[in-house]
Amino acid sequence: MDKMIVYEDKNIMVIHKPAGIATQTGRLGQADLVSELKNYRKKKGEDTYIGVVHRLDQPVEGLLVFAKDAKSAKILTNQLGTKVLNKSYSAIVSVETDTELTGGKLRDYLLKDNRTNTSSVVSEEKPIPKEAKEAVLYWEIVQKCGNAALIKVKLLTGRHHQIRVQMSNAGMPLLGDIKYGSEFSKKLSKQLNIKNTALLADSIEFEHPLTGKKMSFNIDNGSMLSKIVVKI
């Protein structure tokens, strides 16, 4: 657990979540980050409260901030809604064509299927179901090598599996993504031995819930993505 802790004080914890562990789950016998954090606090003789402000999908690596008291949780959750708490992501996508892509904006409506725990883009040519939610993001290519590209992503909305769904719908599925990958991306993932979704929540910024001080955290070298970039 100590290796995951990027920052900790009496109000908050910033955690570097590894790929493969759920942020929080109700499944019996399945490990999750929240349970690990509660056990960590218990061993320290502290109250075991952990306030979940935001989540990352189980196969995704990256930074998360948790509150250690209810007041801090409420403040951080409000910051998330008012865009004071901001996150950015890096991902490696498959690119099948030789088109010179540089970046752009994606705006779609996503519909979640709770039965399969997946989301899909709804065609705007037909009436959009009231359950569908608008999803907007900006993406930019940082590095391209062959049929793989490292991109930066900035979310304007926070929808279920948003980056994975929208990039796949745009013809650039994330490498290692079993749910939303294409046959081409899955083949490329196998060639590069990428077994987890190549998505990294690499930066987060917010105001400290007690002091109001602006805080910023970033993941640099040693991350899952940096290892993949070497391969491409």
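Brief remarks on what is shown
- Within straight-line cross-link reach of residue 130, lysines at Cα separation under 18 Å, skipping those fewer than 8 residues along the same chain: 112
- For the range 9-16, putting each phi into the Karplus relation 6.51 cos²θ - 1.76 cosθ + 1.60 with θ = phi - 60° gives couplings of 9, 6, 10, 9, 9, 10, 10, 9 Hz, in residue order, rounded to whole numbers and with x for Gly and Pro.
- When its C-alpha radius of gyration is set against 2.2 N^0.38 Å (N residues), the range 30-106 gives a value of 1.54.
- Only one residue of 111, 156, 53 has its Cα farthest out toward the positive end of the dipole of the chain, where Lys and Arg carry +1 and Asp and Glu -1 on Cβ, and that residue is 53.
- The range 89-191: relative contact order as a whole-number percent, Cα under 8 Å and 6+ apart: 32 percent
- Whichever lysines have a C-alpha closer than 16 Å to that of residue 68, once near sequence neighbours (fewer than 8 apart) are set aside: 10, 38, 42, 43, 44
- The Rg/Rh ratio of the range 89-191, with Rg taken over Cα atoms and Rh as the Kirkwood radius over Cα pairs, comes to 0.97.
- Measuring r between the beta carbons of residue 226 and residue 154 and using R0 = 30 Å, the FRET efficiency lands at 0.90.
- Couplings for the range 47-64, taken from phi via the Karplus curve 6.51 cos²θ - 1.76 cosθ + 1.60 with θ = phi - 60°, read 4, 8, 4, 9, x, 7, 9, 8, 10, 10, 4, 3, x, 10, 9, x, 8, 9 Hz in order; Gly and Pro are left as x.
- Estimated FRET transfer efficiency (residue 31, residue 123; beta-carbon r; R0 41 Å; 0.05): 0.60
- Binning all Cα-Cα separations of the chain at 5 Å, short to long from zero, yields these whole-percent fractions: 1, 6, 13, 17, 18, 17, 13, 8, 4, 2, 0, 0.
- Between residue 214 and residue 191, residue separation times 0.36 nm minus the direct Cα-Cα distance comes to 4.1 nm.
- Förster radius 41 Å - calculated FRET efficiency between residue 182 and residue 38 (Cβ-Cβ, nearest 0.05): 0.60
- Per-residue ellipticity at 222 nm computed for the chain from its helices equals -6000 deg cm²/dmol, with DSSP H segments shorter than 4 residues left out and the rest contributing -39,500 (n - 2.57).
- Ranking of 118, 211 by count of other Cβ atoms within 10 Å, fewest first: 211, 118
- Here the Karplus relation 6.51 cos²θ - 1.76 cosθ + 1.60, evaluated at θ = phi - 60°, turns the backbone of the range 118-128 into coupling constants of 10, 10, 9, 7, 8, 5, 7, 6, 10, x, 7 Hz, with x for every Gly and Pro.
- Loop exposure criterion: GluC sites (Glu not before Pro), DSSP state outside H, G, I, E and B, at most 12 other Cβ atoms within 10 Å. Applied to the chain, the longest stretch between such sites is 132-232.
None of the figures in this text is laboratory data; all of them are computed from the coordinates on show. A quick note: this is a predicted structure, and the numbers were derived from the prediction, not measured. Because the Cβ atoms are built from the backbone with ideal geometry, glycine has one as well, and the counts that use them run over all protein chains shown.
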